[in-house]
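Okay, so here's the structure we're looking at.
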Amino acid sequence: MSLDKIDFLHHKDNPKYFGANQYKAFAEKLLKHVKHTKDFVIITDWKDIRENSLIITYAHKHLHDELANLPQQNTLEFYRRIFVINWSNTLPETPRGYQNKAFAGHLISLSYQIIMDERKALIQYADFFGDSAALNNLKAGAKNTKQQWGVQTIREAGLYEAVHCAVNVLKVLSMYLDEYMEKYDWLKKLDPCATNHARTQQSAIDILDEHSLEVGKSSSFALKILGLASYVLAKGGVSNLSDDDDDEILMHHTPEEIALCIAQYHEDLWSHIPLEEKLYLDQEASLVKLMAYAYNINKNLTLSEYPEYIAKMKERIKTPEDLKEIKRDYPKIYSFMAQKAYKLGRVLEKDLLGG
């Protein structure tokens, strides 16, 4: 059964920067856009939560403890009903702040302020995070709205994606919430923190092998990389990319995709300004370049070349935290690296960390 009502939970620690009753003002703004306007109530206690409702609540410093102390129930299904308003950076601004709770998503604090101030949203900034399995309508609509909004894959484990808006944030958020509520009966079984509904993405993000970026293989992931290269070339090369072009690339492509584009199409994209330096600051640009190198050398890496390659990687990967970052932000390239090391009779993680 889909969710058919909305419970807007107001907490005593909710923000008062916009007045003591600002939660009512926000609820009224949201109510203008969501479908379930006839069954939308404001409550003040978790015990008043109704069955089969989407729960919208403000983040506060005791939120995780409060949830942990609720009566025992199917926690996954319950957390899947909760959308959080992160009104003042109370939680980290990305889903890593969920502490493995499979929330329906959250509204970013800056976007909350934009909504309350009735200011125009800027598309280069993310406005909210949503579950990738409930973003189909927004993704389809983004192609036909002349950049009124966009959906961007994020650089961390878990199938959440960032939504950027150039129009009324609540209008776009409501489209997401409506789709999420309709799909809840399926979504409640799936944990995006565990990436266990990646099936629809697996065909588009194939595990890399020596040929997976060859367009002749008809890999949609390969075609996405080609699309990025074609976009840059259509603009006249890296040197001719405007700031708006940079924002467009960064909104629609992860650092890993950019690294793979550089690896595959470096000669075509050659410019006195490398693509990674055009898009990123020094350290991030160096990492993108290093991962492009790692992909290319691993295509034909031999055992005799392996020590020099590992030494170069260890200049950047010095701690377990560094390795964790690589696995998180460049999972497909890392998988390819690990496969190649295994074929050479080596254990990549052990060689990188010296264990």
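Here, each number is a calculation from the coordinates, and none is a lab measurement. These numbers were taken from a predicted model, which means no experiment stands behind them. Here Cβ is always computed from backbone atoms with ideal geometry, including for glycine, and neighbour counts include all displayed protein chains.
For the range 327-355 versus the range 51-74, the inter-centroid distance based on Cα atoms is 39 Å. DSSP assigns beta bridges within the range 35-135; of those with both partners inside it, close to 30 percent run antiparallel.
Projecting label points 7 angstrom from Cα along Cα→Cβ for Leu233 and Asp45 puts them 6.6 nm apart.
By the count of other C-beta atoms within 10 Å, a proxy for reagent exposure, Ser88, Ser111, Ser132 are ordered fewest to most as Ser88, Ser132, Ser111. Pairs Lys101/Lys183; Lys29/Lys61; Lys29/Lys139; Lys29/Lys101; Lys101/Lys224; Lys289/Lys324: which exceed 29 Å Cα-Cα? Correct reply: Lys101/Lys224.
Here the Karplus curve 6.51 cos²θ - 1.76 cosθ + 1.60, taken at θ = phi - 60°, turns the phi angles of the range 238-248 into couplings of 4, 4, 9, 5, 7, 4, 5, 5, 4, 4, 4 Hz, with x standing for Gly and Pro. Counted by neighbouring Cβ atoms within 10 Å, the residues Cys261, Cys165, Cys193 run from fewest to most as Cys193, Cys165, Cys261. A full extension of the chain between Glu315 and Asn21 corresponds to an added length of 100.4 nm, given 0.36 nm per residue minus the alpha carbon distance. Among Leu177, Leu223, a tally of other beta-carbon atoms within 10 Å of each Cβ gives an order, fewest to most, of Leu223, Leu177. According to the Kirkwood relation over distinct C-alpha pairs, the hydrodynamic radius of the range 262-355 is 13.9 Å.
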